[in-house]
Amino acid sequence: MCGIVGYIGNQQAAPILLDGLSRLEYRGYDSAGVAVYNGEVIDMVKSKGRLKVLSELTHDGEKLPGTVGIGHTRWATHGSPSDMNAHPHFNEDRSIVVVHNGIIENYLKLKKKLEKRGYAFVSETDTEVIAHLLDYYYKGNPLQAITKVMHRMEGSYALGIIFQDHPEELYAVRKDSPLIVGKTKDGNVIASDVPAVLKYTRDVIFIENEEIVRLTDSSMEFFNVDEETIEKEPVRIEWDVNAAEKGGFEHFMLKEMYEQPKAIIDTFSPRIKNGQICIEELGMSDDDIRAIKKIMIVACGSAYHAGFTSKYVFEGLARIPVEVDLASEFRYRDPIVDKETLVVVISQSGETADTLAALRESKKRGARVLGIVNVVGSSIAREADNVMYTWAGPEIAVATTKAYTAQLIALYLLAMKFAHTKGALDDRGMAEMIEDLRVLPTQVEMLLNNKHKIQKFANRYLAAKDVFFIGRGIDYAISMEGSLKLKEISYIHSEAYAAGELKHGTISLIEEGTLVTSVLTQKELYKKMISNMVEVSTRGAFVLAVTNEDNTEVEKAADYVVYIPETNKYFTNSLAIIPLQLFGYYIAVGRGCDVDKPRNLAKSVTVE
């Protein structure tokens with residue numbers, strides 16, 4: 001959930017480490033630190049707070065000379081955010097230094113054993129256990145010490161390690177937490193994500209589970225946990241480094257909202273050929289598709305909301321029963337899956353820990369697994385039976401917008417393909433839906449260009465304490481995502497409810513001035529939703545409605561209406577979510593919140 005950068009070469013390491021960490025700030029963190037071998041000892045500086053504090057302490061790296069080093073931005077799991085708990089962590093004589101992403105699940109057991117052997121701990125972290133455990137096993141050979149530690153540790157980890165006795169080497173280790181390496185023109189780098197290294201190289205190697213890499217300034221050697229050498233091939237990163245920059249926008253989140261039309265086009269265009277949907281990467285014949293009796297969609301956060309939307313699309317179009325599970329629940333509920341089940345796991349990063357565990361559990365039980373991910377070469381992409389990429393490009397803001405939109409498009413295409421193959425969608429219906437897909441980018445752009453109206457409305461509710469989102473069917477799924485966008489970046493308490501459930505308890509929370517956002521895009525549910533709006537309005541709520549442009553009747557029950565263009569009823573989420581994204585964004589900006597890096601959150605949740 002945090003950032004790792006390491007460098008070994010013939011340039012000064014500290015400025016490279018700080019630059020790389022700055023490009024990983026989007027991952028979320030509460031403290032940062034760097035350690036550099038200065039020719040005699042390993043020197044370290046770390047601090048609580050934003051990276052700029054660390055840059056000031058080190059004079060942008062000038063106070064830490066040396067050509068090999070590791071850096072880290074920490075998101076607290078074990079121990080509160082503090083200078084002491086920040087990474088890197090030393091062994092007792094400061095001859096071994098470690099940075100770590102992930103969680104060591106048996107760290108307390110290991111810590112007790114080490115304390116009995118005389119090791120003293122100065123932090124509250126699980127990571128310090130790794131440094132002392134390396135010290136315990138180190139007898140002059142770093143590789144042997146690392147493999148012995150790997151055999152003892154349980155949990156997830158990506159590690160960067162420097163041994164003072166081997167200052168010409170930098171070690172990196174990975175288990176269930178992402179890590180990459182790359183060769184630059186003057187050295188080698190490690191990082192937990194691609195943006196950290198794009199300035200220096202476009203050819204990266206993804207380290208697999210339980211693999212170790214030993215870097216020097218001019219070489220890379222890869223080993224498995226049995227210390228056997230293995231061969232690895234680099235992957236070329238094609239997207240432009242400028243895609244990870246703000247490009248004149250105030251925040252990455254706003255920039256990425258404006259990139260949604262392109263994300264839609266890039267995700268559907270390659271998969272529409274001669275008027276038909278062609279998903280070659282699906283790897284399923286028509287007979288394979290017809291043999292699927294059930295679909296299970298597993299994801300977390302916004303990806304879960306995209307999956308929840310697609311339940312209505314799959315069942316309505318293809319008449320296939322669909323279950324949608326939170327990945328953190330799926331893995332523990334003894335799910336019923338078999339060879340006639342298609343499990344679709346969705347993750348922007350492709351590294352979401354719970355989703356990855358659900359993938360592995362599904363494969364163990366004999367199900368076919370399709371991954372829908374945005375990051376090429378990610379763990380889910382490599383481990384799923386087949387992978388369908390969302391071509392959204394790099395998404396930096398913690399609160400997803402364009403990746404969520406691209407996930408919806410991928411799921412629409414998948415549902416349409418299944419419906420047509422099963423005979424539930426004829427050629428004419430397919431052609432009409434494809435045409436509606438082609439128009440979506442223009443419609444999204446039009447809604448984005450009306451942002452000033454949303455901004456004006458949002459400014460009225462900067463002091464709101466509670467906001468409720470209601471909808472039915474697909475509109476309930478839209479409400480869930482709209483509510484999440486608001487709460488995660490503005491810190492306003494917000495909940496989404498199926499509108500029919502209001503009278504079963506929630507309506508007791510409605511009082512004078514409470515904002516209720518009502519989404520009604522499904523024509524067959526207009527009247528039901530208007531009744532729900534009247535219910536909350538008569539109890540003092542201020543009602544914001546998001547609806548289709550022909551539904552003027554809603555004005556009788558709403559205080560403020562945002563209209564979206566007409567589209568296929570299954571695609572309305574892609575349009576209705578735009579004003580809700582903008583609403584959440586402008587509320588957060590007006591409240592002075594850190595929109596791109598909301599507190600306590602991380603972009604890629606790589607721990608359970």
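Annotations for the structure displayed:
- Sole exception among (1) touching a residue at least 12 places away in the same chain (Cβ under 8 Å); (2) under 28 Å from Glu280 (Cβ atoms) for Asp466, by number: (2)
- Any chance Ala419 is under 30 Å from Ser349 (Cβ atoms), of a type in the set (Gly, Ala, Ser) and assigned to a helix (DSSP H, G or I): yes
- Residue that is modelled with the highest pLDDT, among those in the range 86-108 that are surrounded by 24 or more Cβ atoms within 10 Å (Cβ to Cβ) and part of a loop (DSSP other than H, G, I, E, B): Pro88
- When Lys232, Lys246 are screened for being in contact with a Phe, Trp or Tyr (Cβ under 7 Å, 6 or more places away or on another chain), open to solvent by 70 Å² or more (accessible area, probe 1.4 Å) and at pLDDT below 95, only Lys246 passes.
- Of all residues in the range 63-97, those satisfying the criterion of being within 25 Å of the chain's Cα centre (by Cα) and of a type in the set (A, V, I, L, M, F, W, C) are Ile70, Trp75, Ala76, Ala86.
- Top-ranked residue in the range 293-303 [being open to solvent by 10 Å² or more (accessible area, probe 1.4 Å) and under 23 Å from Asp338 (Cβ atoms); ranked as farthest from the chain's Cα centre (by Cα)]: Lys293
- Among residues of the range 310-322 that are more than 15 Å from Lys417 (Cβ to Cβ), those with a Cβ under 6 angstrom from a residue that is in a helix (DSSP H, G or I), sequence gap 6+ or separate chain, pair up as Tyr312/Ile474.
- Scanning the range 419-441 for residues that are within 30 Å of the chain's Cα centre (by Cα) and either under 14 Å from Ala576 (Cα atoms) or charged (D, E, K, R) (or both) returns Asp436, Arg438, Leu440, Pro441.
- Where Arg50 falls short, out of the listed (1) basic (Lys, Arg); (2) without any contact (Cβ under 8 Å) to a residue 40 or more places away in the chain; (3) over 18 Å from Asn600 (Cα atoms): (3)
- Only a single item in (1) assigned to a loop (DSSP other than H, G, I, E, B); (2) buried (at least 19 other Cβ atoms within 10 Å of the Cβ) is not met by Glu62, and it is number (2).
- Considering the conditions (1) of a type outside the set (Phe, Trp, Tyr); (2) open to solvent by less than 70 Å² (accessible area, probe 1.4 Å); (3) modelled with pLDDT of 90 or more; (4) outside any helix (DSSP H, G or I), Asp266 is excluded by exactly one of them, (4).
- The range 472-521: number of residues that are more than 16 Å from Ala557 (Cβ to Cβ) and of a type in the set (S, T, N, Q): 6
- Residues of the range 140-182 satisfying the condition of being free of Cβ contacts under 8 Å to residues at least 40 places away in the same chain and at positive phi: Gly140
- Listed by position, the strands (runs of 3 or more DSSP E) inside the range 321-415 whose residues that are surrounded by fewer than 23 Cβ atoms within 10 Å (Cβ to Cβ) and hydroxyl-bearing (Ser, Thr, Tyr) number at least 2 form an empty set.
- Test: residue in the range 210-222 that is within 20 Å of the chain's Cα centre (by Cα), modelled with pLDDT under 95 and either over 28 Å from Ala353 (Cβ atoms) or in a strand (DSSP E or B) (or both): no
- Any pair with Cβ under 7 angstrom, 6 or more apart, that starts in the range 568-581 at a residue that is outside any helix (DSSP H, G or I) and ends at one that is surrounded by fewer than 24 Cβ atoms within 10 Å (Cβ to Cβ): Asn568/Met433; Asn568/Asp436
- Restricting the range 179-209 to residues that are open to solvent by 50 Å² or more (accessible area, probe 1.4 Å) and of a type outside the set (Asp, Glu), the residue that is modelled with the highest pLDDT: Lys183
- Of residues in the range 473-517 being more than 30 Å from Phe314 (Cα to Cα), of a type in the set (Gly, Ala, Ser) and touching a residue at least 24 places away in the same chain (Cβ under 8 Å), the one surrounded by the most Cβ atoms within 10 Å (Cβ to Cβ): Ser490
- A single entry from Ala431, Ala419, Ala424, Ala397 fulfils the requirement of being hydrophobic (A, V, I, L, M, F, W, C) and under 30 Å from Leu179 (Cβ atoms): Ala397.
- Which numbered condition Val173 misses (of (1) at pLDDT 95 or above; (2) touching a Ser or Thr at 6+ places or on another chain (Cβ under 8 Å)): (2)
- In the range 137-149 there is no residue that is among the aliphatic types (A, V, I, L, M) and either in contact with a His (Cβ under 6 Å, 6 or more places away or on another chain) or open to solvent by 40 Å² or more (accessible area, probe 1.4 Å) (or both).
- Scope the range 65-80; condition open to solvent by less than 50 Å² (accessible area, probe 1.4 Å) and out of contact with any Pro (no Cβ under 7 Å at 6 or more places or on another chain); matching residues: Gly66, Gly69, Gly71, Thr73, Arg74, Ala76, His78, Gly79
The values are calculated or read from the model by the stated rules, or taken from the named source; none is laboratory data. Quantities reported herein were computed from a predicted structural model and do not represent experimental measurements. All Cβ positions, even for glycine, are placed from backbone atoms using ideal geometry, and neighbour counts span all protein chains on display. These accessible areas exclude ligands, DNA and RNA; they are computed on the full protein's heavy atoms, side chains included. Shrake-Rupley method; radii C 1.70, N 1.55, O 1.52, S 1.80 Å.
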